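Written out below as structure tokens is the structure these notes cover.
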Amino acid sequence: MEFKQIKKVPDDWSVPPNLKNYEQTYSEFSWDSILQELDGLPNGTGINIAYEAIDRHAAGPKKDKLALRWLGKDGGIIDFTYGDLKEQTNRFANLIRTLGVGKGDRVAVLAGRIPALYIAALGALKNVSVFCPLFSAFGAEPVYQRLFRSEAKVLVTTKMQYKRKIVGIWDRLPELKYVLLADVEEDLQENVLSLPKLMAKASPEFTIPATDPEDMSCLHFTSGTTGMPKGAVHVHKAVMVHYMTARYALDLHDDDIFWCTADPGWVTGTSYGVIAPLLHGITNIVDEAEFDAERWYTILQDQKVTVWYTAPTAIRRLMRLDMKPRELYDLSHLRFSASVGEPLNPEAVVWGKEMLHLLIHDNWWQTETGGIMISNYSVMDIRPGSMGRPLPGIEPAIIHKLEGGKVEVETRPNVEGELALKPGWPSMFRTYLNDEDRYKKCFVDGWYITGDLAERDEDGYFWFIGRADDIIKTAGHMVGPFEVESALMEHPAVAEVGVIGKPDPVIGELVKAFVALKPGFNPSDDLRMELQGFGRIKLGSAVAPKEIEFVEYLPKTRSGKIMRRLLKARELGLPEGDTSTLETAE
Ligand code: ATP
Ligand code: MG
């Protein structure tokens with residue numbers, strides 16, 4: 001890797017990091033110590049995510065502290081203290097109970113980032129019902145698929161979403177009893193009700209029922225990057241991981257103002273955009289609007305955000321623009337940032353350091369893992385391009401599958417293999433909804449196989465190679481698309497790259513890159529040749545792309561991941577498979 005390690009210096013910490021000594025914390029860690037820091041339900045009746053996130057703070061000095069600040073896309077602001085959140089979520093829990101929704105019943109939400117989504121998510125958890133978010137821009141069919149599969153009893157949405165998407169599919173949804181509309185004052189019909197009206201009528205007092213740590217909490221569909229999205233089932237015990245990772249990987253402190261840019265339609269937006277900041281009793285910022293560079297910098301400035309959790313796709317969009325954010329905005333409050341969802345190109349880390357004066361800490365996890373598993377830390381030097389090192393309590397390994405259902409654990413450094421995790425961390429998914437077989441296949445010889453390929457260096461840093469499905473076999477080499485994409489990203493004309501293997505009769509697969517250019521650069525044969533030369537210098541001729549095609553934009557999931565399988569299917573004229581999560585599929 002060409003980029004040097006970025007050494008942490010004392011100036012990097014305006015407040016002392018929570019994790020002071022990685023090795024020591026990792027070796028001394030116990031899950032019991034995390035349990036001690038959570039309250040548990042009164043009278044020892046279990047552990048409930050919403051109680052830990054809201055009620056325990058509302059019962060103490062944080063009652064009047066700002067818990068959630070909602071920034072409306074039209075400029076409105078709504079503030080909720082911990083006390084307000086308690087009351088509102090109590091009302092929601094009461095009202096769904098009145099509608100016959102109980103423990104384990106699914107409460108789906110199809111809405112943008114509006115306050116009702118947050119109230120419904122946490123209120124459903126209070127009732128030990130299951131929160132099932134549906135990304136707001138899904139069309140009717142993807143919504144149908146997920147509602148049907150989840151057997152949701154209640155759906156919280158808006159009038160427009162209801163009319164456009166639900167009316168036409170409801171007769172195929174036998175389990176769906178009620179639709180609650182967040183933006184109407186009067187009921188539309190006897191099973192299409194006004195949520196504000198129900199909220200006003202519901203009691204603000206609610207006693208959280210006994211909650212077993214293994215009770216189901218959330219149902220999250222995966223991003224669909226590699227195929228049909230899977231429904232990952234999560235439980236209340238996951239709260240231990242949300243709490244621990246927010247402390248160590250996101251370095252949350254009591255007076256932090258935190259902004260996670262992910263939408264709660266995806267697991268990051270729920271685990272870290274709703275739950276984790278509240279667990280720590282801090283202030284959580286929610287922005288209703290879509291990405292806009294000026295808006296984002298303004299939010300970071302005006303809200304005095306201290307900790308920012310975002311994604312490579314957003315950072316690359318900021319990088320595209322020829323802006324000097326530090327000169328235009330006061331970003332001096334921002335002290336820590338992290339990124340997840342895709343590999344963070346080394347170039348992006350360097351850009352963050354130079355342009356934001358901020359080190360961006362990459363971390364790795366999946367819908368299935370429920371929380372961050374591998375991360376860069378405030379206290380640890382960064383090796384740009386590496387996902388970092390495992391969280392305390394998490395045991396990843398590089399493994400090779402052998403015949404007969406056995407695995408070999410790789411002990412040598414810098415050897416590529418499958419990234420696996422030792423099962424048992426509290427936020428591990430408990431099954432794939434209605435697909436126990438597929439779930440079981442993820443576990444081999446005592447390891448959970450993630451489907452990603454990686455290697456570990458001599459100091460224990462993990463390096464992402466690619467998804468097992470995306471690996472390119474070219475002239476006897478195994479090439480991970482990330483490596484090629486990151487190299488091309490270093491060229492000043494390149495905004496984004498997606499790399500695939502294209503079948504070739506001579507070398508097996510040839511490396512093909514789809515390149516989107518920054519504003520001000522135009523596709524030309526000269527530029528193509530230049531990029532090919534650039535690739536050869538950076539990567540060597542065996543790995544450098546043999547073909548480069550300029551595209552205006554790359555197909556991405558709605559959570560911002562490059563869909564290489566689609567680039568490949570289109571290149572080969574094959575069926576595109578499930579495109580329900582494709583960004584442009586409306
Ligand atoms: P599907 O499973 O439906 O194909 P998906 O795997 O993209 O979709 P998610 O669970 O949202 O769904 O994403 C997890 C995956 O995202 C990881 O398995 C990994 O491939 C990728 N990923 C997440 N964070 C990182 C990271 N920091 N570096 C590299 N890859 C990452
Ligand atoms: Mg996946």
(request) Go through 376, 345, 363, 284 for me and flag whichever is under 18 Å from the mean Cα position of the chain (by Cα), at pLDDT below 95 and either within 30 Å of residue 110 (Cα to Cα) or not basic (Lys, Arg) (or both). (result) 345
(message) Between 163, 177, 237, which is among the basic types (Lys, Arg) and either touching a strand residue (DSSP E or B) at 6+ places or on another chain (Cβ under 7 Å) or within 16 Å of ligand 2 (Cβ to nearest atom) (or both)?
(response) 177
(message) Considering only residues that are closer than 30 Å to residue 208 by Cβ and of a type in the set (Val, Ile, Thr), which ones fall in segment 1-52?
(response) 34, 45, 47, 49
(request) Determine whether residue 117 is part of a helix (DSSP H, G or I), more than 18 Å from residue 181 (Cα to Cα) and either modelled with pLDDT of 95 or more or of a type in the set (Gly, Ala, Ser) (or both). (result) no
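Of the residues 539, 582, 531, which single one is closer than 30 Å to residue 366 by Cα, touching a strand residue (DSSP E or B) at 6+ places or on another chain (Cβ under 8 Å) and not assigned by TED's automatic domain parsing to the domain that holds residue 264?
582
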(message) Just to check your reading of the model, which residue among 210, 202, 249 is aliphatic (A, V, I, L, M), buried (at least 24 other Cβ atoms within 10 Å of the Cβ) and at pLDDT 95 or above?
(response) 249
(message) Going by what's in this entry, would residue 320 be described as more than 13 Å from ligand 1 (Cβ to nearest atom), buried (at least 19 other Cβ atoms within 10 Å of the Cβ), modelled with pLDDT under 95 and closer than 30 Å to residue 521 by Cβ?
(response) no
(message) For segment 315-353, give me each residue that is part of a helix (DSSP H, G or I), closer than 17 Å to residue 6 by Cα and touching an Asp or Glu at 6+ places or on another chain (Cβ under 6 Å).
(response) 347
(message) Quick check on segment 460-480. Is at least one of its residues within 16 Å of ligand 2 (Cβ to nearest atom), modelled with pLDDT of 95 or more and aromatic (Phe, Trp, Tyr)?
(response) yes
(request) Given the conditions (1) assigned to a loop (DSSP other than H, G, I, E, B); (2) out of contact with any Gly (no Cβ under 7 Å at 6 or more places or on another chain); (3) of a type outside the set (Val, Ile, Thr), report the number of the one that residue 247 does not fulfil. (result) (1)
(request) Report yes if some residue within segment 561-573 is closer than 23 Å to residue 321 by Cα and either more than 28 Å from the chain's Cα centre (by Cα) or not in a loop (DSSP other than H, G, I, E, B) (or both); otherwise report no. (result) yes
(request) Filter the strands (runs of 3 or more DSSP E) completely within segment 1-114 down to those with at least 2 residues that are touching a Cys at 6+ places or on another chain (Cβ under 9 Å). (result) 106-110
(request) Could you pull out the residue among 194, 217 that is in contact with a strand residue (DSSP E or B) (Cβ under 7 Å, 6 or more places away or on another chain), surrounded by 22 or more Cβ atoms within 10 Å (Cβ to Cβ) and assigned by TED's automatic domain parsing to the domain that holds residue 41? (result) 217
(request) Go through segment 246-269 residue by residue and tally those that are β-branched (Val, Ile, Thr) and more than 16 Å from ligand 2 (Cβ to nearest atom). (result) 2
(request) Being part of a loop (DSSP other than H, G, I, E, B), over 19 Å from residue 237 (Cβ atoms), away from ligand 1 (no atom under 16 Å from the Cβ) and not β-branched (Val, Ile, Thr) is the filter here, so list the residues in segment 259-287 that pass it. (result) 281
(message) Kindly evaluate residue 508 against the criterion of being surrounded by fewer than 16 Cβ atoms within 10 Å (Cβ to Cβ), closer than 19 Å to residue 478 by Cα and touching a Lys or Arg at 6+ places or on another chain (Cβ under 9 Å).
(response) yes
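The values are calculated or read from the model by the stated rules, or taken from the named source; none is laboratory data. All figures in this text were calculated on a predicted structure; none of them were measured in a lab. As a convention, Cβ positions derive from the backbone with ideal geometry for all residues, glycine included, and neighbour counts pool all protein chains shown.
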